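Working notes, beginning with the structure itself.
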Amino acid sequence: MHAVQGAGARTTRREDVSLDAIFFDVDDTLFSTSEFAEKARYASCTAMHHAGLKLEPQVLMDELREVVSEFSSNYDHHFDQLLRRLPKRHYKGVNPAIILAAAVIAYHDTKMRELVPYADAVRLLRDLAQLDLVRGIISNGLTVKQAEKLLRLGVYPYLTPTAIYISEQIGINKPNVKLYRRACSDLNLKPSRCVYVGDHPTRDIDPANALGMITVRLRSGGRHDGAPGQTAARHEVRDYEELRAILIEQYGLPLPPTAAASTPAQGAGAAAHSAAAPVPVD
Ligand SMILES: [Mg+2]
């Protein structure tokens, strides 16, 4: 059993394995889902208020949080439910369709502006794409939404197109280990030669460990950082530069030691579209 390395730990001990693939989770792994959702929802609540809903945006946010927890984050009609559960006197004289449309517009405008990847994730993916290595995705969520995120984040050009696994499309949800097994078996990969990078201890790390993948837990300040899992990740990192160092030093990947020399440094969470290739439109 491998010793778990704490975030930030460095060692030059080489693992006796050569890697064939590296898979990534999407939400809170390639970008800050929590931060984005909070911004988008607040923009929507503010827009509803400006459209004539006479409750303060913060009050609407509290109600919206309840709606999201009651109907799940992937439910498509949060704003309809929010409005439905409020007494009509709060939007007397205003057509509720206008308030709803204002919310939807604000949400999509925020998505256009704010759905940006962790800059160091894009730099690492860009360098990994130069190697003979499968770069894949194993993600929970709705097919169209997750695919949209890969395009909007600008990471799709660096991925292996046949290595994208989205739970709804496959019919298997995390934490079922079958989702991870399907990805490896479809692509004829040995799990022990595949890395899996995720932020969630029980949805990402435990099942990938159960399959024998090399697990990397990203703890970059996201909402699941403190959550316990059944098993420990093989590696823990705070950012993608730490992961880069592990891939070089312990797995012998011929990556540049840092992308900083070729790309201007950008903070985690900063817009990295300038560093990413254009999104294909076909
Ligand atoms: Mg995640």
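Please treat every number below as a calculation from the coordinates, not as lab data. Just so we're clear, the structure is a prediction, and the values are computed from it rather than from any experiment. Quick reminder, even Gly has a Cβ in these numbers, built from the backbone with ideal geometry, and neighbours come from all protein chains shown.
Electrostatic bookkeeping for Ile172 treats Lys and Arg as +1 and Asp and Glu as -1; over the other residues with beta carbon under 10 Å from its beta carbon, the sum is +3.
Amide H contacts of Phe23 (H built 1.01 Å from N, in plane; Pro and chain starts excluded): Gly136, Val195, Tyr196, Val197 sit under 5 Å, all sequence-distant by 5 or more or on other chains. Over region 35-114, Cα pairs under 8 Å with separation of 6+ residues give a relative contact order of 48 percent.
Please find, in a Gaussian network model of the chain (springs between Cα atoms separated by less than 10 Å), the residue of Gly171, Gly222, Gly136 whose mean-square fluctuation is greatest. Evaluated over the chain, the most mobile residue of the options is Gly171. Charged side chains reduced to their Cβ positions (Lys and Arg at +1, Asp and Glu at -1) give region 35-114 a dipole of some 380 debye around its Cα centre.
Helices in the chain, meaning DSSP H runs of at least 4 residues, each add -39500 (n - 2.57). Divided by all residues, the mean residue ellipticity at 222 nm is -11500 deg cm²/dmol.
If the viscosity is 1.306 mPa s and the temperature 10 °C, what translational diffusion coefficient in µm²/s does Stokes-Einstein give for the chain when Rh comes from Kirkwood over Cα pairs?
Once the numbers are plugged in, D ends up at 79 µm²/s.
With springs only between Cα atoms under 10 Å apart, run a GNM on the chain and tell me which of Arg152, Arg113, Arg234 wobbles the most. Most flexible of the set in this elastic network: Arg113. Please go through the residue pairs Lys111/Lys178; Lys39/Lys190; Lys39/Lys88; Lys111/Lys190; Lys149/Lys178; Lys88/Lys149 and name each one whose alpha carbons sit more than 30 Å apart in this structure. Where the Cα-Cα span goes over 30 Å, the pairs concerned are Lys111/Lys178; Lys39/Lys190; Lys111/Lys190; Lys88/Lys149. Placing one equal scatterer on every Cα of region 35-114 and applying the Debye formula, the log10 ratio I(q)/I(0) at q = 0.19 Å⁻¹ is -0.73. Span-like helix criteria (full DSSP H runs; alpha carbon extent of at least 24 Å along the helix axis; mean Kyte-Doolittle hydropathy of at least 0.0) are satisfied in the chain by 96-114.
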